Amino acid sequence: MKKLLFFIVLLFSMLSVSAQRMQKVSGAQQAKMISIINATAASIKTIQSNFSQVKSVSFLNENVKSYGRMYYSNQGKLRWEYNSPYKYTFAINGGKVYIKSGAKSQVIDIRTSQLFKSIAQIMINSITGKSLKENNDFNTQMYVDGNEWIAVLTPKKAQMKKMFRTVQLHFNSRHNMVSQVVMTETSGDATVITLSGVRTNENIPDQIFFVK
């Protein structure tokens, strides 16, 4: 369980975007932006894409880079698969987390842990941008930075505050879809994850969301 939490924190961590570039929007603008994002998210049944991840750690001189593949289904399923430089996969499916590291596999029932429930929901909602308006885990403030919309989510609950300082979701304002998922850890360590080659509403075999 600790290992899973480590990789989830590793997955969603990043340096804060420069305050000088980000422009806070009005309440009316925020409501309109969130409405547009939610409408786009509601139209998405599946997403599949490549991702690159750059991790900066305070005690390392060089950033840690990794690459992989992501699959999402609006049935509450998500697969995050690291392919380089190491093999590590986890999938959220039906209230369970399936994990594979090397030759070892594990299944965790997230319904037994409120923290795991919250983290799983954050992960799934972050991919689509869902639940920006009414979120029990975070307060939301929208910003504009050039052609990007940025949702800055601040944790409400004590457990989340211990792990994350903020979550940032970056949207291309032309497509209203997430292009980066951003989170700053309380330690200050950071990761940048960028989605590329995004394809939506194509069939994804259900076995993708099981890890053996």
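The values are calculated or read from the model by the stated rules, or taken from the named source; none is laboratory data. Please read all numbers here as calculations on a predicted model, not as lab measurements. Ideal geometry is used to build each Cβ from the backbone, glycine not excepted, and the neighbour counts take in all protein chains shown. Surface areas here come from the heavy atoms of the whole protein model, side chains and all, with no ligands, DNA or RNA. Shrake-Rupley method; radii C 1.70, N 1.55, O 1.52, S 1.80 Å.
Rounded, prolate or oblate: pick one for region 21-122, where a ≥ b ≥ c are the square roots of the eigenvalues of its C-alpha gyration tensor, a/c under 1.5 means rounded, and failing that, prolate if a/b is larger than b/c, else oblate. Because a/c hits 1.5 or more and a/b fails to exceed b/c, region 21-122 counts as oblate.
For the chain, the longest principal axis of the Cα atoms and the long axis of helix 114-128 meet at an angle of about 60 degrees. Here region 155-197 is treated with +1 on each Lys and Arg Cβ and -1 on each Asp and Glu Cβ, and its dipole about the Cα centre works out to around 260 debye. Annotation note: GluC sites (Glu not before Pro) in region 108-212 located in DSSP loop regions with a Cβ neighbour count of at most 12 within 10 Å are Glu134, Glu202.
Sparsely packed loop sites in region 55-102 (the chymotrypsin sites (Phe, Trp or Tyr not before Pro) outside DSSP H, G, I, E and B with at most 15 other Cβ atoms within 10 Å) comprise Phe59, Tyr86. With 23 Å as the limit, the listed pairs Lys100/Lys156; Lys117/Lys156; Lys65/Lys87; Lys87/Lys156; Lys55/Lys117 have Lys100/Lys156; Lys87/Lys156; Lys55/Lys117 beyond it between alpha carbons. Counting protein heavy atoms only, the chain has 50 percent of its accessible area on carbon and sulfur, 1.4 angstrom probe. Restricting the calculation to Cα atoms, every distinct pair contributes to the Kirkwood radius of the chain, found to be 17.5 Å. Basic side chains Lys and Arg get +1 at the Cβ, acidic Asp and Glu get -1 at the Cβ, and with that the dipole of the chain about its Cα centre reaches some 440 debye. Give the separation of the Cα centroids, region 80-124 to region 159-174, in Å. Value for the Cα centre distance between the two parts: 19 Å.
Projecting the Cα atoms of Gln114, Ile124, Tyr72 onto the charge dipole of the chain, computed from C-beta unit charges around the Cα centre, puts Gln114 farthest toward the positive end. Couplings 3J(HN,Hα) for region 191-197, derived from phi with the Karplus relation 6.51 cos²θ - 1.76 cosθ + 1.60 (θ = phi - 60°), are 9, 10, 10, 10, 8, 9, x Hz, where x marks Gly and Pro. Largest first, the residues Arg174, Arg21, Arg165, Arg79 sort by 1.4 Å accessible area into Arg174, Arg21, Arg165, Arg79.
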